[in-house]
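This report refers to the structure that appears directly beneath it.
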Amino acid sequence: MSGIDLPAPSTATMAVVVPRKPRWYDHLPVLPQLRQSVGLQRGMLVAGLAITALFVLLAILAPVIAPYSWAQQAADGVSFGTQQAPNATNLLGTTVSGFDVLSRVIWGAQTALFVIVAAIVCSIFLGIALGLVSGYFGGWLDRILVVVCDAIYAFPSLLLAIVMSIVISRGQSTLFGGILATALSITVVFVPQYFRVIRAEVVRVRSEPFVEAARVIGVPTRRILLKHVLRNSIRSLPVVVTLNASEALLTLAGLGFLGFGIEATAAAEWGYDLNRSVADVTSGIWWTSVFPGVAIVLVVLGITLVGESLNDLADPRLRQRKRLKGTK
């Protein structure tokens, strides 16, 4: 065996594998979770992302896509008529007020997106700030904030949103005033949820060795809070945001259905349209209620699929199952 000459190693086998440079889309949100998902979980996540992306595009492009304005009752000097069945002029028919159903469904997506974004942004800032301070410093301030947030959390969310909407709006029906009042009323409901999540993470992180080391060497408290504690306490935040987005839409629709939302002449809102179409159902006029209702169901379904998929992918047991499948 010693007289046999072995072939020299080729250049291909001696080549050094250079790791791929990260590309710009590698840092996009949800993309790492999409790569991590498998089987039915990936299908649910893709379906949810597709529905949510369609909703966002519809809201952004509403001025271009919608054939008419949300409160338009005539075109080229010809009135639409009330409760008209779907036709060439009004593809999805008209409402009892003579508004085009298709236009109000499209413009309603824009109103819903504005309220969801405003409510979540306000909730995140308040919830993170309160949770960060409460969890890190503790003491009497922590006890007071926990009691207040638990008291708010104990109230029925829709009832609390109704009360806050009445207090904030004071009969305002403008687009900005209605969206701001609705977003703030939903914010009051969401702040305790973000407070609980952030506070629990901060309590866990503040006892970690790297936080203790930063405190010992004299790092300012503000830098410790923002750079060390906060950055390691928001890992579960995307899951809460996606789940709360669907809840915000349902709360907005509930407020509109009960008459505490945005007026029809100020903006299009799906819950308000459902409220106005209740009497139409008994008369066999189905188009005024079906399309706003389907819009609410589809958007909530899409956002919920994304949120539940992200919640499942955050479970280490799912990642372990994927590794076991890859070794077979």
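The values are calculated or read from the model by the stated rules, or taken from the named source; none is laboratory data. What you are looking at is a predicted structure, and each value in this text was computed from that prediction instead of being measured. Cβ atoms come from the backbone with ideal geometry, glycine included; neighbour counts cover every protein chain shown.
Output the residues belonging to region 204-219 that are part of a helix (DSSP H, G or I), farther than 9 Å from Gly135 by Cβ and not small (Gly, Ala, Ser). Write out each step before concluding.
Restricting attention to region 204-219, the residues satisfying the condition of being part of a helix (DSSP H, G or I) are 204-205, 209-216.
Subsequent filtering for residues that are farther than 9 Å from Gly135 by Cβ retains 209-216.
The answer is Pro209, Phe210, Val211, Glu212, Arg215, Val216.
Could you list all residues from region 224-282 that are under 22 Å from Ser169 (Cα atoms) and either touching a Cys at 6+ places or on another chain (Cβ under 8 Å) or among the hydroxyl-bearing types (Ser, Thr, Tyr) (or both)? Those that are under 22 Å from Ser169 (Cα atoms) and either touching a Cys at 6+ places or on another chain (Cβ under 8 Å) or among the hydroxyl-bearing types (Ser, Thr, Tyr) (or both): Thr251, Thr265, Tyr272. Contact map, region 281-300: residues that are within 23 Å of Thr52 (Cα to Cα) and aromatic (Phe, Trp, Tyr) paired with residues that are assigned to a loop (DSSP other than H, G, I, E, B) and at pLDDT below 95, Cβ distance under 6 Å, separation 6+ or inter-chain. Pairs shown: Phe291/Leu92. Across region 208-250, which residue is farthest from Leu298 (Cα to Cα) among those that are more than 14 Å from the chain's Cα centre (by Cα) and of a type in the set (Asp, Glu)? It comes out as Glu212.
Of all residues in region 143-165, which are surrounded by 14 or more Cβ atoms within 10 Å (Cβ to Cβ) and touching a residue at least 40 places away in the same chain (Cβ under 8 Å)? Matches in region 143-165: Leu145, Val146, Cys149, Ile152, Tyr153, Ser157, Leu158, Ala161, Ile162, Ser165. A single member of Ala214, Ala181 is free of Cβ contacts under 8 Å to residues at least 24 places away in the same chain, touching a Ser or Thr at 6+ places or on another chain (Cβ under 8 Å) and surrounded by 13 or more Cβ atoms within 10 Å (Cβ to Cβ), and it is Ala181. Condition check for Ala109 on (1) within 24 Å of Phe257 (Cα to Cα); (2) surrounded by fewer than 18 Cβ atoms within 10 Å (Cβ to Cβ); (3) under 24 Å from the mean Cα position of the chain (by Cα): one failure, at (2).
Mind checking which residues of region 46-64 are under 15 Å from the mean Cα position of the chain (by Cα) and farther than 16 Å from Leu102 by Cα? Break it down stepwise before answering.
Our first condition is that a residue be under 15 Å from the mean Cα position of the chain (by Cα); within region 46-64, this holds for 48-57, 59.
Scanning region 46-64 gives Gly48, Leu49, Ala50, Ile51, Thr52, Ala53, Val56.
A quick yes/no check of all residues on (1) surrounded by fewer than 20 Cβ atoms within 10 Å (Cβ to Cβ); (2) of a type in the set (Val, Ile, Thr); (3) part of a loop (DSSP other than H, G, I, E, B); (4) in contact with a Gly (Cβ under 7 Å, 6 or more places away or on another chain):
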position	(1), (2), (3), (4)
Val191	no, yes, no, yes
Ile198	no, yes, no, yes
Val202	no, yes, no, yes
Leu230	yes, no, no, no
Pro238	yes, no, no, no
Leu243	yes, no, no, yes
Ala266	no, no, yes, yes
